[in-house]
Amino acid sequence: GYAAQFSLFVFLLGGECALLTVMVYDHYVAICQPLHYGMLLGSRACVHMATAAWGSGFLYAVLYTGNAFSLPVFKRNALDQFFCEIPHILKL
């Protein structure tokens, strides 16, 4: 349960950061190159960037969760917390 909660949290956090980066690039193109906006950022480019953002969030979640839960601390210990917070896990 903790691994699923941890990976979902990291996935959503990584996906949100990547989507914010895509949004910043979109605003940059809209402000700095308004006449080329349609050519640079069509619907296909937006779909590719959104897919890359969620894909990078998923990859980040898989790698981070795999590395965190491969530590020997999680093999035999039980965590007595309802919400699995990253600082408490790293403190273990």
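For this structure, a couple of remarks:
- Neighbours by Cβ (under 6 Å, 6+ apart or cross-chain): first from the stretch 20-47, free of Cβ contacts under 8 Å to residues at least 24 places away in the same chain; second open to solvent by less than 70 Å² (accessible area, probe 1.4 Å) and outside any helix (DSSP H, G or I): 29/41
- Residues (open to solvent by 100 Å² or more (accessible area, probe 1.4 Å) and within 22 Å of residue 15 (Cβ to Cβ)) located in the stretch 27-50: 27, 28, 44, 48
- Taken together, the criteria exclude residue 64 from residues that are open to solvent by 100 Å² or more (accessible area, probe 1.4 Å) and in a helix (DSSP H, G or I).
The values are calculated or read from the model by the stated rules, or taken from the named source; none is laboratory data. Model, not experiment: these values are computed from the prediction. So basically every Cβ, Gly included, is an ideal-geometry build from the backbone, and we count neighbours across all protein chains shown. What goes into the accessible areas is simple: the full protein's heavy atoms, side chains included, and nothing from ligands, DNA or RNA. Shrake-Rupley method; radii C 1.70, N 1.55, O 1.52, S 1.80 Å.
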